[in-house]
Amino acid sequence: MKNQQIMKKLIVLVTAIVCSLHSSSAQSNAQSIGADMIVFNAKIATGSLTKPEASALAVKRGKIYAVGTDDEIMGLKGKSTNIIDAGGKRLIPGINDAHTHILNERSFNYNVRWEGVPTLKRALEMLEEQAKRTPEGQWVKVIGGWSPYQFEENRLPTIEEIKKAVPNRPAIVQYAYNRAFLNEKAMKAFGVGTDRFPALPGTVFEKDKKGNYTGVVEGYTFTFISLESMVPQPSNEEQLSSITNAIHQMNSFGVTSAVDGASLIGFPQGHTQIQQLAKENRLNVRMPFIDLQFGDPTSASLVDAEIKAVTRKSPISAGENLHPTMAHGHEYEGAGELLREALHDHENFDRPEVIIDGEVMRRYIKEDISKLVEKGIPFRMHISYNENITPFLDALEAIDQKTPFDGLRWSIEHAETIDLDNVARVKKLGGGIALDMKMAMHGDSFIKTHGLEKASRTPRLRQLYDSGVPLTMSTDAFRVSSYNPWIGISWMTTGKTVSGTEILAKDNRLTRTEALKLLTVGPTWFEDQEGEMGKIIPGHLADFVLLNKDYFTVPDEEIKTISSVLTVVDGRVVFGAEAYKELSPKLPETLPKWSPVNYYGGYYNMKNQ
């Protein structure tokens, strides 16, 4: 009898415990049931052949977990679901810029941005206004990202116009990596005409009839990079503010992922700001990166310096993600884009092609890339012209015969004039081709230098797309091109440059769906992220964009005016405009207070976004 009573008490106790656990579990499940975010009433272009269109999507733990009709998806809402009405707008996968240079924008806030400015008259007015607010000891600067062909005047400024606009401070206005305009104070500070000026090979100083320097300097990449190191540098706080604003500007056009194409200051020192943003969960773009180690006097080459950096100084392996919470948030993707200074074929379309001696190319590539292949380090190589691509591939084929790449990711960056034979060779070797949109910005210069016939096939866009080689389109911002990807998308589909010049042959253009694919699905091969990004399908990362205009139906001339009204990265709203402005995270104060960004914003007429 006593044993029966004990058993009854045990049964009651166990039942109570089980019920308590069940109740606790039920409460926990109730909290986890339901989507974190639902977007409905949208025109969703999923990028998937299985379900090309939908009207709603649901997000859970940073991933898309359901796509369908409004009724289907709204049935997944929970008590804490963030529900967003898309208002019938077009929604696309996030833009993935496979080659840009975020980390070199530490001085973003110091620069007057001419991106999108419609007239040279207004551009010069901005200089004049900024000169009045720039404090003593600082410069007035415009550093790339614009094109003279975007202006109604369809021309570069004159040096006289620059000097008139900025009489009281040193001023530099830089056009891509082609040309710089310096006022008198800037010429004196740089030491024009003296040994202090970095007059690297290819540098040309314009002189007037009396033999005096005018302030116009033409050259190649390294000359202008050197000049950037000779002007006042931002504080650590200003650098962080600059990088934050640069990323925000990219978000405003729907960019959700961007491969940094190598910082002038290598890993890890050059990544301080990104690491801080990641730690504070304020990195609002996925940022895989390739690395370049300039300035290591103890290494015989850039490749030797890179191997030393990632194997000894700051060990990191290809594909390793340094972001504490976000997939592919800050991920090492290998070496590049410059592997040796002597092999850099500068893409100055105002000048003829820079052709590297074939034997020099073969010798150095065999020497350098053999080391990377043996270490299992992916690589990317900047090569613009087909004449240089041929000996480069000669060397790669020789390396592959001796030490097979065996799936190692590698790519040619830019490849403006690559021919079909070399495309086939790249494909056979397991490589990819990362194009860029410089022809959209500077194609008019290319026509003047090389002729319209060649320009109409530069690059061979239709044949490249149809070849099946891994292919992507990128901006190559922020110097040689704009960070606005829609300029490139417009050029690929309409064939027109920013000036309106019809440059791409009609049979060398892409459909709107194909062009978008090169900036969504295409980049994932280069980042080794296929099956994770680029589409609005269950299981893919929750990166997507709500557009201000319907990309698939707007007139051709409006494509380049498209921007985002809502950008979501990793299931978080990182940018909002118009009806979604209140959803956008508040940006920290822009530093310094006199920054042009505080007065003009970044891209023209987007200050309040």
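The values are calculated or read from the model by the stated rules, or taken from the named source; none is laboratory data. Note that the structure is predicted; figures quoted are calculated from it, not measured. We place every Cβ from the backbone using ideal geometry, glycine too, and count neighbours over all the protein chains shown. Heads up: the accessible areas ignore ligands, DNA and RNA and are worked out on the full protein's heavy atoms, side chains in. Shrake-Rupley method; radii C 1.70, N 1.55, O 1.52, S 1.80 Å.
Worth pointing out:
- Local electrostatic count at Gly254 - Lys and Arg +1, Asp and Glu -1, tallied over other residues with Cβ under 11 Å: -1
- Separation of the range 483-549 from the range 246-304 is 23 Å, based on Cα centroids.
- Given charges at Cβ of Lys, Arg, Asp, Glu: the range 289-341 dipole, positive-most of Ser314, Val303, Pro324: Ser314
- Environment charge at Phe205 (Cβ cut-off 13 Å; Lys +1, Arg +1, Asp -1, Glu -1): -1
- Of Lys313/Lys593; Lys428/Lys535; Lys427/Lys549; Lys164/Lys586; Lys427/Lys535, pairs whose Cα-Cα distance is over 29 Å: Lys313/Lys593; Lys427/Lys549; Lys164/Lys586
- Positive end of the dipole of the chain (Cβ unit charges, origin at the Cα centre): among Gln233, Ala171, Val545, the Cα lying farthest that way belongs to Val545.
- Rounded, prolate or oblate (a/c below 1.5 giving rounded, otherwise prolate when a/b exceeds b/c) for the range 333-461 by Cα gyration tensor: prolate
- For the range 387-543: rounded, prolate or oblate by the Cα gyration tensor [a/c cutoff 1.5]: oblate
- Once backbone amide H atoms are built at 1.01 Å from N, Arg286 has Ser257, Ala258 as its partners under 5 Å, excluding neighbours fewer than 5 places away on the same chain.
- Cβ-placed point charges (K, R +1; D, E -1), dipole of the range 325-365 about Cα centre in debye, nearest 20: 180
- Between Asn281 and Ser235, full extension at 0.36 nm per residue minus the direct alpha carbon distance yields a gain of 14.4 nm.
- Three-way shape call for the range 532-609 based on the alpha-carbon gyration tensor, with the a/c threshold at 1.5: oblate
- Environment charge at Ile365 (Cβ cut-off 9 Å; Lys +1, Arg +1, Asp -1, Glu -1): +1
- Near the amide H of Asp36, within less than 5 Å, lie the amide hydrogens of Val59, Lys60, Arg61, all on another chain or at least 5 residues away, with H placed in the peptide plane.
- Working from the Cα coordinates of the range 210-276, the gyration tensor eigenvalues give, after taking √(5λ), semi-axes of 30, 16, 13 Å in decreasing order.
- For the range 469-609, the equivalent ellipsoid built from the Cα gyration tensor has semi-axes of 26, 22, 15 Å, listed from largest to smallest.
- Net dipole in debye of the range 218-359 [+1 Lys, Arg Cβ; -1 Asp, Glu Cβ; about Cα centre; nearest 20]: 720
- Ranking Pro352, Gly451, Pro404 by Cα position along the charge dipole of the range 323-464, where only Lys, Arg, Asp and Glu carry charges on their C-beta atoms, puts Pro404 farthest toward the positive end.
- Surface composition of the range 206-253: carbon and sulfur atoms hold 47% of the protein heavy-atom accessible area at a 1.4 Å probe.
- When only alpha carbons are used to place a centre, the range 83-97 and the range 557-578 end up 7 Å from one another.
- According to the Cα-based calculation, Rg over Rh for the range 81-228 is 1.08, with Rh computed by the Kirkwood formula.
- The range 316-326 - phi-based ³J(HN,Hα) in whole Hz, Karplus 6.51/-1.76/1.60, Gly and Pro as x: 7, 10, 4, x, 6, 9, 8, 6, x, 9, 9
- Close amide H partners of Gly432, meaning residues 5 or more places away or on another chain with modelled amide H under 5 Å apart, are Trp410, Ser411, Ile412.
- Over 25 Å (Cα to Cα) - which of Lys506/Lys560; Lys279/Lys371; Lys496/Lys517; Lys132/Lys210; Lys60/Lys89 fall in this group: Lys279/Lys371; Lys132/Lys210
- For the chain: relative contact order, % (alpha-carbon pairs under 8 angstrom, 6 or more apart): 18
- Dipole check for the range 514-609: with +1 at the C-beta of Lys and Arg, -1 at the C-beta of Asp and Glu, and the Cα centre as origin, the magnitude is about 480 Debye.
- In this view, the solvent-accessible surface of Lys366, computed with a 1.4 Å probe and all protein chains in place, comes to about 90 Å².
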